[in-house]
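Since the structure comes first, as structure tokens, the remarks are kept for the end.
Read-outs throughout are calculated quantities, based only on the coordinates presented, and are distinct from any laboratory measurement. Everything quoted here is computed from the prediction, not taken from an experiment. Counting neighbours? That spans all protein chains shown, and the Cβs are built from the backbone with ideal geometry, glycine included.
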Amino acid sequence: MKVLCVVGARPNFMKVAPVHAALTVAGHESILVHTGQHYDELMSEVFFRELGMPAPQVNLGVGSASHAIQTARIMEAFEGVLLAEQPTGILVAGDVNSTIACALVAVKLGIPTAHLEAGLRSFDRTMPEEINRVLTDAISDILLTPSADADQNLCREGIDPARVVRVGNAMIDSLRAHLAHARSRGVREQFDLAHRDYALLTLHRPSNVDDPALLAELLLAVSEVSHRIPVAFPVHPRTRARIAALPASGPTGLRMLEPLGYLDFLALQADAKLVLTDSGGIQEETTALGVPCLTLRTSTERPITVTEGTNTIVGVDRTRIIANVQEILRTGGKVGRVPALWDGAAAPRVVAALQARWGSVGATPGAEP
Ligand code: UD1
């Protein structure tokens, strides 16, 4: 098979890296295409180096823009790549604008499309990612899901079960492969953080950071948390810009850091007392690591991290956030268990699923299998 694997934004890299590697090991041709949705060294390149992914063969270089313009630029540039490469199929991952943009182009050209991390639903259509998820699943040929709840969501939407393959969580393949090395790099020492004696914070979702009043309220909450336990806060570029634009001076007490690479962020998660986040993937990584996570949103598309894992959805109310942090400091927080098929072997299952469906596409009729 010749599979074109699309990456675009930070959360894609750790999902696609193990699939690209597994395709190559299995003797298939895997072509990495980067849309360039994320482009800063710290938001993109560092991940290729640390995940052992080769530089992308193609970079569309689209950069930042409004949703419509960014999506349109990706589509326009990606069409030419597909026409030139004529792959057996393409693989898109997650729920970012690059995911729907590339899936839509491929499907319109009649090129088979697989969606990794299919079936997740927050049921909140004000989230751009929810729109990207619903649309990508509606049009992709193979829906590779991480958990049973995702299969059920697809079934409820009337999707033919024959299109759905539960492969588990490919991001956990990367986590398992790199955890020991990540921990050996000494990032905690570098930032003077003691084992299980700090909280790790991330905030980047537009619904939290684009509203100045809400952002100020969240920063007040986490500043208050920092009086009880040190808070390390690697800041997404979007969030840094929004904080700088606030009328009041920035938050106090937080250790505001540049965005971290994959390995250092993983190591900080693994040794934290708790994590506060509005990210999707971090809810899953903390569950895999057994570290309590407080999700600063009112919904999650990853309910298994709550029902089986260490995640609690706390919303954005200051009192509630602080009460939940205190509870974790007092009791140690949720213990949880790692969901089935989050076992570090999702990528070979992805390759097997693609091979089963696409393996004979383009084969010479009558040739030996
Ligand atoms: C995107 C995804 C989101 C994911 C997040 C991870 C969509 C709709 N959203 O959101 O699901 O959780 O990535 O980070 O695809 N910027 C830089 N440098 C970069 C990239 C972005 O400075 O390398 C700044 C720009 O000011 C840009 C802003 O961040 O306008 C937002 O970037 P964008 O790609 O539009 O969305 P994210 O908020 O990163």
field: the range 1-156 - Rg and Dmax from Cα coordinates, angstrom
entry: 14.5, 42
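Would you mind ranking MET127, MET256 so that the residue whose beta carbon has the fewest other beta carbons within 10 Å leads the list?
Values: MET127 19, MET256 15.
So the ranking, lowest neighbour count to highest, is MET256, MET127.
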query: What residues qualify as long-range amide H neighbours of ILE31, i.e. H under 5 Å apart, gap of 5 or more or another chain, H built at 1.01 Å from N?
result: VAL3, LEU4, CYS5
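Using the number of other C-beta atoms within 10 angstrom as an exposure proxy, rank HIS195, HIS20, HIS34 with the fewest first.
Working: HIS195 10, HIS20 23, HIS34 28.
By the 10 Å Cβ count, ascending: HIS195, HIS20, HIS34.
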- request: Provide the per-residue ³J(HN,Hα) series for the range 313-326, in order, calculated from phi with Karplus coefficients 6.51, -1.76, 1.60 and θ = phi - 60°, each as a whole number of Hz, with x at glycine and proline positions.
  value: 8, 10, x, 10, 7, 4, 4, 5, 4, 5, 4, 5, 5, 4
query: Using θ = phi - 60° and the Karplus form 6.51 cos²θ - 1.76 cosθ + 1.60, what ³J(HN,Hα) does each residue of the range 246-262 get, whole Hz, x for Gly and Pro?
result: 5, x, 7, 5, x, x, 9, x, 7, 9, 7, 10, 5, x, 9, x, 4
field: In order through the range 123-134: 3J(HN,Hα) via Karplus (6.51 cos²θ - 1.76 cosθ + 1.60), integer Hz, x for Gly, Pro
entry: 6, 10, 7, 7, 7, x, 5, 5, 4, 4, 5, 4
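Determine the relative contact order of the range 177-239: mean sequence separation of Cα pairs under 8 Å and six or more apart, normalised by residue count, in whole percent.
Values: 38 pairs, mean separation 27.0, N = 63.
That works out to 43 percent.
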message: Quick query: amide H of THR113 versus all other amide H atoms, modeled in the peptide plane; which residues come in under 5 Å with a sequence gap of 5 or more or a different chain?
response: ILE90, ASP141, ILE142
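Report the convex hull volume per residue for the range 289-363, counting only C-alpha atoms, in Å³.
Working: hull volume 7.5 nm³, N = 75.
Normalising the Cα hull of the range 289-363 by residue number yields 101 Å³.
Rounded to the nearest 20 Debye, what is the dipole magnitude of the range 91-136 about its Cα centre when Lys and Arg each give +1 and Asp and Glu each give -1 at the C-beta? Provide the component values of the computation, followed by the final result.
Working: 4 positive and 5 negative charges, 36 e Å.
In total the dipole reaches around 180 debye.
Below 8 Å, C-alpha to C-alpha, sequence gap of six or more: please give me the relative contact order for the range 231-301 in percent.
26
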query: Any idea what the dipole of the chain comes to, in debye rounded to 20, about its Cα centre with Lys/Arg Cβ at +1 and Asp/Glu Cβ at -1?
result: 520
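How charged is the neighbourhood of LYS108? Take every other residue with its Cβ under 14 Å from the Cβ of LYS108, and add Lys/Arg as +1 and Asp/Glu as -1. Don't skip to the answer; put the middle values down first.
Working: positive: none; negative: GLU76, GLU79, ASP141.
Charge balance in the 14 Å sphere: -3.
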message: So if I restrict to the alpha-carbon atoms in the chain, what is the Rg, and what is Dmax, the biggest pairwise distance, in Å?
response: 20.4, 72
Taking the C-alpha atoms of the range 222-332, convex hull volume expressed per residue in Å³: 109
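Number of Lys pairs in the chain with C-alpha atoms less than 27 angstrom apart, excluding same-chain neighbours closer than eight positions?
Details: LYS2/LYS15; LYS2/LYS108; LYS15/LYS108; LYS15/LYS273; LYS15/LYS334; LYS273/LYS334.
For the chain, the number of qualifying lysine pairs is 6.
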